[in-house]
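Step one of this worksheet: look at the structure below.
What follows is calculated from the coordinates using simple rules that are stated; it is not laboratory data. Just so it is clear, the model here is predicted, and its values are computed rather than measured. Neighbour counts run over all protein chains shown; Cβ positions are idealised from the backbone, glycine included.
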Amino acid sequence: MTTSHVKVLIHVNDALDEDTARPLLTCLREIPGVTQVSFDPKQEHLVVVQYQPNTTSSKELLGGVLKLGHQAQLIGL
């Protein structure tokens, strides 16, 4: 049985740098079902998250970002 993965792009309204992104990336990585989190400082508003949709949801990922006080939106891939 293969496990399916989904990628979602999260747009964070505030510009992130490596220091401000670190707690956000850690929070997302700790969500069960998340398999990869990517951030490129050259794209300071964007975070890509790969996850298993049978374990978590894009809504839960966005909730983790909002819980840290960021304003953000989901952008599908």
### Message
I'd like to check which strands (runs of 3 or more DSSP E) are fully inside the chain and have at least 1 residues that are among the hydroxyl-bearing types (Ser, Thr, Tyr) and surrounded by 13 or more Cβ atoms within 10 Å (Cβ to Cβ).
### Response
34-39, 46-51
### Query
Could you count how many residues in segment 25-52 are touching a residue at least 40 places away in the same chain (Cβ under 8 Å) and either more than 15 Å from residue 9 (Cα to Cα) or in contact with a Leu (Cβ under 6 Å, 6 or more places away or on another chain) (or both)?
3
### Message
Can you tell me how many residues within segment 1-30 are farther than 13 Å from residue 44 by Cα and polar (S, T, N, Q)?
### Response
4
